[in-house]
Amino acid sequence: MSAEGRTVLITGAGRGIGFATARAFAEAGCRVLSLDKQFGDDVIGERVDYDLRDIAGIPTLIGQMGAIDTLVNNAAVLYCEPYDAIPEEHVTEIITVNLRAPVAMIEALAPQMRQRKSGRIVNVGSVSAFTGHPDLWYGATKAALLNITKSYAAELGSSGVFVNAVAPGPTLTAMYEQLPQSRKDAVMRSVHVGRPCNPEEVARVIVWLGTDSPDYVSGTTVDVNSGSYPR
Ligand SMILES: NC(=O)c1ccc[n+]([C@@H]2O[C@H](COP(=O)([O-])OP(=O)(O)OC[C@H]3O[C@@H](n4cnc5c(N)ncnc54)[C@H](O)[C@@H]3O)[C@@H](O)[C@H]2O)c1
């Protein structure tokens, strides 16, 4: 199925990479459902107000939406706190939003995609999945999400449902802006093109994986990081 006419659900679409991704899918002719707990003035497509910390409500939410052709699990949280002093509620939030919610979304959507023998799922990981991260739980959830991408690709691939991931490097969004300058400097020293990534560049890869990448691309992670794996 080409991009035209697809229904695409994007989490964390209120700003940043999710917003750019929503706009790119809309420009490709898709019907876009933008999910977030917080929106600015601009919303791409249909607005879905939802807080992904409510894992138990996800099956009902998905049940109300009808057919979804592509799911983009993009929403995540990161806290810049000392690794040995991360408050318990932040640990819970990071694991819930970054890991449990994407799994719950996939679980809720897999039956309808399986039935139609068609579907695309794109998980947004991070280069920190490979390198570790000062926010221990952030890095750990991203590594787990890439592992889960492979598990679901194996589980759903024979039903025509293709699950892949992107692993962005430093990308100009609010999440990047909150990093300490020392980390931004370290990251900038290691990127090949000498600048942070634009959200639109990540979005182009997500749209490809979410629409017309070859069916043989399954369970993989596309690194969008200018060849940089900073510590
Ligand atoms: N910006 C980077 O440098 C970078 C690098 C690697 C990976 N990523 C990944 O890219 C994705 C998008 O990040 P971004 O940089 O655009 O971040 P961002 O903080 O700008 O946007 C994240 C969005 O997720 C939403 N969100 C957070 N918690 C939510 C919840 N409980 N319920 C619903 N929505 C929620 C936020 O409201 C926000 O709109 C994330 O998965 C992030 O881990 C970003």
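The values are calculated or read from the model by the stated rules, or taken from the named source; none is laboratory data. Owing to the predicted nature of the structure, the values given are computational and were not obtained by experimental measurement. Glycine gets a Cβ as well: all are built from the backbone with ideal geometry, and neighbour counts include every protein chain shown. The accessibility values were calculated without ligands, DNA or RNA, using every heavy atom of the protein model including side chains. Shrake-Rupley method; radii C 1.70, N 1.55, O 1.52, S 1.80 Å.
Structure values in brief
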read-out: Farthest positive-ward along the chain dipole, Cα basis, beta-carbon charges - from Pro59, Tyr83, Met188; value: Met188
read-out: For Lys37, net neighbour charge (Lys/Arg +1, Asp/Glu -1) across residues whose Cβ lies under 10 Å away; value: -3
read-out: Net charge contributed by nearby residues that have their C-beta within less than 14 Å of Gly139 (K/R +1, D/E -1); value: +1
read-out: Neighbour net charge for Pro168 - beta-carbon separation under 11 angstrom, K R +1, D E -1; value: -1
read-out: Packing-based ranking, highest mean first, of 177-186, 210-219 given that Cβ atoms within 10 Å are counted; value: 210-219, 177-186
read-out: Computed over the stretch 7-223: relative contact order in percent, which uses C-alpha pairs under 8 Å that are six or more apart; value: 22
read-out: Rounded to 10°, Cα long-axis angle of helix 136-156 versus longest principal axis of the chain; value: 30
read-out: Accessible surface of the stretch 76-224, 1.4 Å probe, proportion on carbon and sulfur as whole %; value: 55
read-out: Tilt relative to the chain, helix 16-27 - C-alpha long axis, 0 to 90 degrees, to 10; value: 30
read-out: Per residue accessible area of the chain, 1.4 Å probe, in Å²; value: 45
read-out: Within the chain: Cβ-based charge dipole about Cα centre, in debye rounded to nearest 20 (Lys, Arg +1; Asp, Glu -1); value: 540
read-out: Accessible surface, 1.4 Å probe, highest first, among residues Arg31, Arg189; value: Arg189, Arg31
